[in-house]
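Visitor: The structure is given below, and queries will be raised subsequently.
The values are calculated or read from the model by the stated rules, or taken from the named source; none is laboratory data. Just so you know, these numbers come straight off a predicted model, no measurement behind them. Heads up, the Cβs are rebuilt from the backbone with ideal geometry, glycines too, and the neighbour counts pull from every protein chain shown. Areas reflect the complete protein model, heavy atoms only, side chains present, ligands, DNA and RNA absent. Shrake-Rupley method; radii C 1.70, N 1.55, O 1.52, S 1.80 Å.
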Amino acid sequence: APYLKRQVSLVNPEVIVALGKPAAHFLLGGTQALGRLRGREHSYRGIPVVVTWHPAYLLRAPEHKRETWQDLQFVIQRLGLTPKV
């Protein structure tokens, strides 16, 4: 935890994408289901956080790939970039 906190403060990212429940729970400090956390913006020390499914989970549940793509498109828009279709 201290290492990650230090890295975030050094990098000072515009947005953090939390991949999976452990990352989301660490950054957001909670126990909510991942499905309830995704689809909206959260905050970690004033930095926007977007939660989405972990890539390993997507290998087991490919039906969630569309949701992950939507989450990443949200991040792209949040950064002011042009999303690809």
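Visitor: Looking only at segment 1-20, which residues are modelled with pLDDT of 95 or more, in contact with a helix residue (DSSP H, G or I) (Cβ under 8 Å, 6 or more places away or on another chain) and either polar (S, T, N, Q) or farther than 20 Å from Gln77 by Cα (or both)?
Guide: Correct list: Gly20 only.
Visitor: Then there is this: Looking only at residues that are closer than 16 Å to Val75 by Cα and out of contact with any strand residue (DSSP E or B) (no Cβ under 6 Å at 6 or more places or on another chain) in segment 21-42, which one is least open to solvent (accessible area, probe 1.4 Å)?
Guide: Out of the qualifying residues, it is Gly39.
Visitor: Now for a separate question. Which of the residues that make up segment 43-69 are open to solvent by 40 Å² or more (accessible area, probe 1.4 Å) and more than 14 Å from Leu19 (Cα to Cα)?
Guide: Result: Ser43, Arg45, Gly46, Arg60, Pro62, Glu63, Arg66.
Visitor: Scanning for something more than 18 Å from Glu14 (Cα to Cα), among the charged types (D, E, K, R) and not in a helix (DSSP H, G or I), does segment 43-52 turn up at least one residue?
Guide: No, because not a single residue in segment 43-52 is more than 18 Å from Glu14 (Cα to Cα), among the charged types (D, E, K, R) and not in a helix (DSSP H, G or I).
Visitor: Are any residues in segment 6-15 open to solvent by 40 Å² or more (accessible area, probe 1.4 Å) and without any contact (Cβ under 8 Å) to a residue 40 or more places away in the chain, and if so, which ones?
Guide: Those that are open to solvent by 40 Å² or more (accessible area, probe 1.4 Å) and without any contact (Cβ under 8 Å) to a residue 40 or more places away in the chain: Arg6, Gln7, Ser9, Leu10, Val11, Asn12.
Visitor: Just one of the numbered conditions (1) open to solvent by less than 70 Å² (accessible area, probe 1.4 Å); (2) not in a helix (DSSP H, G or I) is not true of Ile76; which one?
Guide: The single condition Ile76 does not satisfy is (2).
Visitor: Moving on to the next point. For segment 70-85, enumerate the residues that are in contact (Cβ under 8 Å) with a residue 40 or more places away in the chain and in contact with an Asp or Glu (Cβ under 9 Å, 6 or more places away or on another chain).
Guide: Within segment 70-85, Arg78, Leu79 meet the criteria.
Visitor: Note down all Cβ pairs under 7 Å where the first residue falls in segment 16-42 and is on the phi > 0 side of the Ramachandran plot and assigned to a strand (DSSP E or B), the second is modelled with pLDDT under 95 and buried (at least 18 other Cβ atoms within 10 Å of the Cβ), and they're at least six residues apart or on different chains.
Guide: Between residues of segment 16-42 that are on the phi > 0 side of the Ramachandran plot and assigned to a strand (DSSP E or B) and residues that are modelled with pLDDT under 95 and buried (at least 18 other Cβ atoms within 10 Å of the Cβ), there is no close pair.
Visitor: Mind checking which pairs have a first residue in segment 43-69 that is more than 18 Å from Gln32 (Cβ to Cβ) and a second that is open to solvent by 70 Å² or more (accessible area, probe 1.4 Å), Cβ under 7 Å, 6 or more apart or different chains?
Guide: These pairs meet every condition: Pro55/Leu19; Leu58/Lys65.
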